Structure formats: C-alpha cells, structure tokens
C-alpha cells in the first residue's frame with residue numbers, strides 16, 4: 001500500500017514545526033495531507049507552495065520472528081481517536097549504509113543500536129509505521145510516521161532522542177522532523 005504525504009496549504013493535519021535535523025531541509029508548509037492508494041502519482045516537483053513524499057509498506061527487513069511477535073503483541077494501530085498529534089520524519093541514509101550487507105545492517109540496527117528492543121517500551125502509546133521509498137526514486141529512503149495522544153508528547157521526544165543517539169543514526173545523512181496536530185473536524 002502506498003502512502004502519500006503532501007505538504008501544502010491545506011490538509012487534515014496542521015504543521016506545528018518543521019525542523020531540518022541534518023542535510024537539506026524541506027520548505028515549511030502550513031498543512032499536511034496523508035492519503036493512501038495503490039499507485040504512485042506522477043512526481044510533484046518541490047516548490048515554494050507544496051512538496052510530496054511517497055512511500056510503500058513492505059516486509060520487516062531487520063526483524064526476526066520473536067521480535068515481530070513482540071511488536072505485534074504490543075503495538076497500536078494508526079488512526080486512534082486520541083492520537084491527535086503526529087510526526088513525519090523522512091530519513092535518507094548514506095551510501096556507506098547501503099554498501100553494507102543485510103546481515104551487517106541488522107547487526108547495527110538491533111545488535112548494536114537495539115532499535116526494536118529499546119523501542120518496545122514506547123508501545124502502544126506511540127503508534128508507528130515505516131514506509132520505504134528508496135526504490136521509488138524519492139528523495140528519502142524511509143518515511144517514518146508516528147501518531148500519539150498529546151499526553152504522550154514527552155514520551156515521543158524521549159523515543160526520538162534515544163534513537164538519534166544510536167550507532168544506526170550515524171548513517172543518516174538527511175533527516176527532517178515534521179510535527180503535526182490533527183485539524184478539528186467541523187460540526
């Protein structure tokens with residue numbers, strides 16, 4: 001399933017901040033729309049008025065069966081009513097990362113960085129979904145989407161801070177942190 005994130009003048013999410021963490025930024029847009037579909041639309045050239053990022057859900061690449069079972073047992077789904085805060089964090093890793101074998105990346109991802117093991121304690125308060133976009137010709141390798149209740153904002157900050165301190169994150173060459181809140185529906 002493809003998911004499209006479009007920064008523009010309107011959308012279901014209001015952008016509260018857009019921060020360049022490392023590498024080239026994205027232009028600030030006041031709103032974010034999130035749509036699902038089975039096909040990728042023609043590329044939208046980033047402009048002063050809009051940008052568009054597309055990713056696809058895929059198999060878990062660095063997760064073994066027991067880890068997958070742990071995640072499924074505790075993770076929450078997207079779209080919960082109380083989850084009116086969210087973050088879109090597009091990431092591109094360096095060519096050095098991609099030159100590693102799958103096994104070498106797995107060792108860094110979990111054996112050294114403990115990505116899954118350390119993140120489990122943040123579930124189910126924070127729902128997350130990873131979208132792959134490296135093979136789609138997109139400007140990022142991954143789009144990470146997180147949803148959480150406003151009461152869990154500090155927990156989310158702790159999660160992101162922890163992940164950014166891992167060895168895995170030393171391979172990130174471009175990262176943008178976009179925080180959004182759900183727009184209230186009109187009565």
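The values are calculated or read from the model by the stated rules, or taken from the named source; none is laboratory data. None of these values were measured; they are calculated from a predicted model. Note that we place each Cβ from the backbone using ideal geometry, even for glycine, and neighbour counts take in every protein chain shown.
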**Request:** Can you confirm whether segment 94-115 contains a residue that is in contact with a strand residue (DSSP E or B) (Cβ under 9 Å, 6 or more places away or on another chain) and within 24 Å of residue 74 (Cα to Cα)?
**Result:** no
Counting only residues in segment 22-45 that are under 16 Å from the mean Cα position of the chain (by Cα), within 19 Å of residue 11 (Cβ to Cβ) and assigned to a strand (DSSP E or B), the one modelled with the lowest pLDDT is identified as 36
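Mind checking whether some residue in segment 89-110 is at positive phi and under 16 Å from the mean Cα position of the chain (by Cα)?
For segment 89-110, residues at positive phi and under 16 Å from the mean Cα position of the chain (by Cα): absent.
Tell me the helices (runs of 4 or more DSSP H) entirely within segment 63-180 that contain at least 3 residues that are surrounded by 14 or more Cβ atoms within 10 Å (Cβ to Cβ) and without any contact (Cβ under 8 Å) to a residue 60 or more places away in the chain.
It comes to 65-74, 115-119, 153-164.
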